[in-house]
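**Q** To start, I am sharing the structure in question, which I have written as C-alpha cells.
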Amino acid sequence: MSVLGGHLLGLEPLGPWQIQALLDLAERAARGELEPDALRGRVVANLFFEPSTRTRLSFELAARRLGAEVVNFDPERGSVQKGESLVDTALTLQAMGADVLVLRHSSSGAPHLVARHVQCSVVNAGDGMHEHPTQALLDLLTVRQAFGRVAGLRVAIVGDVLHSRVARSAAWGFSKLGAEVVLCGPPPLVPADLAGPGIVVCHRLDEALEGADVVMALRMQRERQLGGFIPSLGEYHRLYAVTPERLRLARPGALVMHPGPMNLGVEVTPEVAYGDRSLVLRQVTNGVAVRMAVLYDLLTRRQAELDVRPVEPMVLVGRL
Ligand code: CP
C-alpha cells in the first residue's frame with residue numbers, strides 16, 4: 001500500500017507512521033534493496049522555477065537509479081516566457097506522459113495548485129516560504145542514522161526561519177517523530193506562531209544551544225530579504241553564527257547540519273561546516289535515497305489508489 005497516496009506536498013499533513021515508513025524505505029534504497037528497474041517506462045519531470053543543485057540533481061539521480069526517464073523543464077527557455085501558466089505547463093508535461101511532476105516554485109502553495117489540476121503525482125521540491133518535505137525527510141534520515149533515533153533529541157534550528165521552507169518542514173517532521181525543536185534567530189526572522197506541540201521559539205542562541213543534540217544552521221536568504229530584517233550580515237554573524245566556541249554550549253557530541261547552499265562566514269564558520277561534527281555531506285548523500293523512496297512509493301504503490309485520492313486542502317499563497 002502507498003504511504004503517500006497521490007502526492008508529497010508537505011510534511012505538515014503526514015502522520016508519524018507515514019514519515020517513519022518513508023525513512024524505512026529510504027534505508028532500503030540506500031542499501032540498494034529497491035529493484036533497479038522498478039520505474040522502467042515511467043517519466044519523472046523536473047520543473048524548477050528557482051535555482052537548485054542538490055534537490056534537482058538528486059531527484060534526477062534517484063529517478064535514473066530506479067530506471068525512470070527524466071525530463072528537465074527549463075523555465076528560462078520554456079513557453080512560460082510566452083505567458084503560459086504554471087497549470088498549463090503542468091498539463092502539457094502530463095500530456096507527454098509524465099507520471100510525476102517535481103516542482104520547485106517561489107510561490108507558497110504552487111504544488112498544491114498544480115495537484116488539483118493533474119492526474120499524475122506532484123512532489124513539492126520547495127514552495128516559497130512554505131515547505132520542502134524531501135529536505136526534511138533527508139534531515140530526519142541523517143539524524144536517525146547518526147543517533148539511532150529521533151525521539152527525545154533536542155534539535156536547535158538557527159537563523160532565518162521566517163523565509164525558510166526547510167525550517168518549517170524540519171520543525172514539523174522532527175516534532176512529529178518526538179524530538180524537541182527549538183527555533184532560534186533574531187525576532188523579525190522567527191515567527192512566534194510556529195511554536196506548537198514539540199516546537200518552541202527563542203531568540204538567544206546560547207539558550208537554544210544548551211543541551212542541543214543537533215544544531216541546524218539555516219541559510220541567510222539574502223534574495224528574499226527585501227525588508228531589512230537585520231542591521232547587517234556582520235551583526236547577524238556576531239549574534240547567531242554557529243562557531244566552534246558556540247558549539248561547546250551544545251551537548252558533547254552534538255552534530256551540525258545545514259541544508260545548503262551555505263554562506264560560509266555568515267551563518268556558519270568553515271571549521272564547523274567541514275569539521276568532524278558536520279553532517280552536511282551525509283545529508284546530501286541521503287537526499288538521493290530519500291528521493292528514490294518517494295518516487296518508488298508514488299509510482300509503484302499508488303496505482304490502486306488513483307481513483308480515491310483525497311483532495312488536499314488549498315494552501316493560500318502568502319499565508320505563511
Ligand atoms: N537544500 C536545497 O534545497 O538545496 P538546493 O537549493 O541546491 O536544491
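The values are calculated or read from the model by the stated rules, or taken from the named source; none is laboratory data. Quick caveat, the model's predicted, so the values are computed rather than measured. In this analysis, Cβ positions are derived from the backbone assuming ideal geometry, glycine residues included, and neighbour counts consider all displayed protein chains. Note: areas computed on protein heavy atoms with side chains; ligands, DNA, RNA excluded. Shrake-Rupley method; radii C 1.70, N 1.55, O 1.52, S 1.80 Å.
**Q** Starting from the Cα of residue 301, move 7 Å in the Cα-to-Cβ direction to define the label point; list residues of region 27-67 whose amide nitrogen is under 16 Å from there.
**A** Zone members listed by number: 27-31, 33-35, 38-39.
**Q** Another question about this same structure. Which residue, chosen from 159, 187, 92, occupies the Cα position most advanced towards the positive end of the dipole of the chain, where the dipole is computed from +1 (Lys, Arg) and -1 (Asp, Glu) charges on Cβ about the Cα centre?
**A** Toward the positive end, the furthest listed residue is 159.
**Q** Pop a pseudo-label 7 angstrom from the Cα along the beta-carbon direction at both residue 232 and residue 282 and give the gap in nm to one decimal.
**A** Each label point lies 7 Å from its Cα, and together they span 3.8 nm.
**Q** Any idea what angle helix 54-65 forms with the longest principal axis of the chain, computed on alpha-carbon atoms, 0 to 90 degrees, nearest 10?
**A** 40 degrees
**Q** Determine the percent antiparallel among the DSSP beta bridges restricted to region 133-282, to the nearest 5.
**A** That works out to approximately 5 percent antiparallel.
**Q** Separate question: Given N residues in region 32-128, what is its alpha carbon radius of gyration divided by 2.2 N^0.38 Å?
**A** 1.05
**Q** Given the -39500 (n - 2.57) contribution per DSSP H run of 4+ residues, what per-residue ellipticity at 222 nm results for the chain, rounded to the nearest 500 deg cm²/dmol?
**A** After summing the helix terms and dividing by the residues of the chain, the value is -10500 deg cm²/dmol.
**Q** Which whole-number value in Å² is the accessible area per residue of region 133-282, probe 1.4 Å?
**A** In whole numbers, region 133-282 has 38 Å² accessible per residue.
**Q** Karplus couplings for region 4-13 from phi (6.51 cos²θ - 1.76 cosθ + 1.60, θ = phi - 60°), rounded to Hz, Gly and Pro as x?
**A** 9, x, x, 9, 10, 9, x, 8, 4, x
**Q** Give me the one-decimal nm value for the distance between modelled label points at residue 64 and residue 239, 7 Å along each residue's Cα-to-Cβ direction.
**A** 4.5 nm
**Q** Which residue, chosen from 146, 128, 79, occupies the Cα position most advanced towards the positive end of the dipole of region 79-151, where the dipole is computed from +1 (Lys, Arg) and -1 (Asp, Glu) charges on Cβ about the Cα centre?
**A** Going by the charge dipole, the pick is 146.
**Q** Related question: How would you rank 186-197, 107-118, highest first, on the average number of other Cβ atoms within 10 Å across their residues?
**A** 107-118, 186-197
**Q** Based on the mean of other Cβ atoms within 10 Å per residue, sort peptides 253-262, 167-176 so the most packed one is first.
**A** With the highest mean Cβ count within 10 Å placed first, the list reads 167-176, 253-262.
**Q** A further question follows. Only bridges whose two residues both fall in the chain count here: according to DSSP, what percent of them are antiparallel, nearest 5?
**A** Among the beta bridges of the chain, antiparallel pairing accounts for roughly 5 percent.
**Q** Between residue 37 and residue 88, what's the calculated FRET efficiency when r is the beta-carbon distance and R0 is 25 Å? Round to 0.05.
**A** 0.15
**Q** Percent of Cα-Cα pairs per 10 Å bin, from 0 to the last occupied bin, for the chain, please list those.
**A** 6, 28, 35, 22, 8, 1
**Q** Same structure again: Can you give me the accessible area per residue for region 40-84, using a 1.4 Å probe, in Å²?
**A** Dividing the accessible area of region 40-84 by its residue count gives 57 Å².
**Q** Over the chain, with every protein chain in place, what whole percent of the accessible area is carbon and sulfur at 1.4 Å, could you tell me?
**A** 53 percent
**Q** When the dipole is taken about the Cα centre of the chain, and only Lys, Arg (+1) and Asp, Glu (-1) are charged at their Cβ, what size is it in debye, to the nearest 20?
**A** Charge dipole of the chain: 240 debye, to the nearest 20.
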